[in-house]
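Participant: Have a look at the structure that comes next, please.
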Amino acid sequence: MSARGELFTFGDAAAQVRTALPPSYGLTHATGGRIDLRDERQKLVCRIELRALPGGSQWLTLVPLRGYDRDCERIRHWLEAGGLRPAWQWKQARVPMAADEPANVAAARVLERLLEIQQANLPGVLVGEEPEYLHDLRVANRRARTVVRQMRVALDPAAAGRLSDELRWLAAQTTSTRDLEVLLETLDASAAQLAPLRLLLERRLERARAEMTAMLRSSRRTQLEQTLESLLDVAARASGAVVPPVAVLAATRIRRQHRRMVRSGAAIGPTTEAQAYHDLRKQGKELRYLLELFGTALFDTQAVSELIATLKQLQDVLGCHQDCAVHAATLRTLAPELAASPGGAEALLAAGALLAGLEAQQAAARERFQAAFSGFASPRARGLVARICD
């Protein structure tokens, strides 16, 4: 279940609940962020917890009363049929497309959905209660930037360049906050000797979040939605050249990205600089987004799923490697400040052990890399690419 809730709407949730339910069910209480539902015998069978956020989204969590689980499931079904959307759709970026439609038209439809996801998560990011909002905004942003880069040949060049710049700016405002959130999640909350370190990280996170929030409330950000929509409208128009069908362009980009990754990965060894692993990770994200956003809609579904699974094994290794590098760099920068804080000597020793553990995990990721990369670069995987793209 999403941390936000099970169902969501941009309308009046209480009114939609009333409309969606059959007359035999009654809404008897709708105060304090909660709706109580009773059946025709006036039995309380389900409670709905409401959560509203700035920006108009409302989230509903259904809480069945003991012995009324089936009633709750029926209520959920009626609510979905009545227009409330299930939580999984919040992250659902896939849109329908036809193989022979112009690539710029299909790309614009995908971008429109990704921008909608970004904008829908922004109010939650500004409130700052749940890290999930920031994570989802960043994923949608990365996907959008991938679409612009990979489909640029089908888009208006000037508008695509400006669109890429605006998306990159938005992503840059959120990086420090997200990195610190992830690092704090990895710390053992029960380790008393790490308390000074945790305090320093929390203070740094507070500052990073304040800076991020200020930038996201700035005039540039408030104009960003309109700017992106305008640029998207221009970018979606046919460029001077003949625009290829989306299936042709997507197949070309998937094949090229896989070959690029195979070349990059083959050059990586145990002593290769960390940046090479990170660059390959970014290439892998772009390939995965191409497969998820275009491949599943246009090509052999089984082949796409198998290739994504193989790619995910490699991404897990590269992700572990990069997270360890980022966390270790943060700990090193904190060392002087940590040493000067109350209880700093003991905390510094604990941080040293934590740093050693991160370095060990990074080394282990390097050892696992070749096996994961071999699967991704194997004849089997190349055959999957051929099934998708030929």
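The values are calculated or read from the model by the stated rules, or taken from the named source; none is laboratory data. Not measured: the values here are computed from a predicted model. Glycine also receives a Cβ, built like all others from the backbone with ideal geometry; neighbour counts cover every protein chain displayed.
Participant: In region 297-319, which residues are touching a residue at least 40 places away in the same chain (Cβ under 8 Å), part of a helix (DSSP H, G or I), of a type outside the set (V, I, T) and surrounded by fewer than 20 Cβ atoms within 10 Å (Cβ to Cβ)?
Facilitator: Looking only at region 297-319, we keep the residues that are touching a residue at least 40 places away in the same chain (Cβ under 8 Å), and these are 297-300, 303-304, 306-307, 310-311, 313-314, 316-318.
From what is left, the residues that are part of a helix (DSSP H, G or I) are 297-298, 303-304, 306-307, 310-311, 313-314, 316-318.
Then drop every residue that is not of a type outside the set (V, I, T), which leaves 297-298, 303, 306-307, 311, 313-314, 316, 318.
Within region 297-319, A303, E306, Q313, D316 meet the criteria.
Participant: Looking at the structure I just gave you, is A251 in contact with a helix residue (DSSP H, G or I) (Cβ under 8 Å, 6 or more places away or on another chain) and assigned by TED's automatic domain parsing to the domain that holds D165?
Facilitator: On the way: in contact with a helix residue (DSSP H, G or I) (Cβ under 8 Å, 6 or more places away or on another chain): yes; assigned by TED's automatic domain parsing to the domain that holds D165: no.
Against the criterion (in contact with a helix residue (DSSP H, G or I) (Cβ under 8 Å, 6 or more places away or on another chain) and assigned by TED's automatic domain parsing to the domain that holds D165), A251 does not qualify.
Participant: So, one more: Checking the condition exposed (fewer than 14 other Cβ atoms within 10 Å of the Cβ) and touching a residue at least 12 places away in the same chain (Cβ under 8 Å), which residue from R332, R288 passes?
Facilitator: On the way: R288 fails: exposed (fewer than 14 other Cβ atoms within 10 Å of the Cβ).
Matching residue, one of R332, R288: R332.
Participant: Collect the residues in region 167-182 that are surrounded by 18 or more Cβ atoms within 10 Å (Cβ to Cβ) and within 14 Å of E225 (Cα to Cα), keeping them in residue-number order.
Facilitator: Once the filter is applied, which keeps residues that are surrounded by 18 or more Cβ atoms within 10 Å (Cβ to Cβ) and within 14 Å of E225 (Cα to Cα), region 167-182 yields L167, L170.
Participant: If a residue must be farther than 25 Å from E132 by Cβ and surrounded by 15 or more Cβ atoms within 10 Å (Cβ to Cβ), how many such residues does region 83-98 contain?
Facilitator: 1
Participant: Tally up the residues in region 261-293 that are farther than 14 Å from L311 by Cα and aliphatic (A, V, I, L, M), please.
Facilitator: Looking only at that region, the number is 6.
Participant: Now a separate question. Which residues, taken from region 126-147, are within 22 Å of S57 (Cα to Cα) and either over 13 Å from the mean Cα position of the chain (by Cα) or of a type in the set (V, I, T) (or both)?
Facilitator: L126, V127, G128, E129, E130, V139
Participant: A follow-up question, please. Output the residues belonging to region 235-293 that are assigned to a helix (DSSP H, G or I) and among the polar types (S, T, N, Q).
Facilitator: Within region 235-293, the first condition is being assigned to a helix (DSSP H, G or I), and the residues that meet it are 235, 246-266, 274-293.
Listed by number, the residues that qualify are T252, Q257, S264, Q275, Q283.
Participant: Right, something else. Taking A339 as the residue in question, decide whether it is under 19 Å from L180 (Cα atoms), modelled with pLDDT under 90 and small (G, A, S). Full working, then the answer.
Facilitator: Details: under 19 Å from L180 (Cα atoms): no; modelled with pLDDT under 90: yes; small (G, A, S): yes.
Answer is no for this residue.
Participant: Given R198, R217, R203, which one is among the basic types (K, R) and under 20 Å from D323 (Cα atoms)? Steps first, please.
Facilitator: Numbers: R217 fails: under 20 Å from D323 (Cα atoms); R203 fails: under 20 Å from D323 (Cα atoms).
Going through R198, R217, R203 in turn, the sole match is R198.
Residues checked against (1) over 23 Å from A328 (Cα atoms); (2) of a type in the set (S, T, N, Q):
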site	(1), (2)
A120	yes, no
P157	yes, no
L167	yes, no
A171	no, no
T174	no, yes
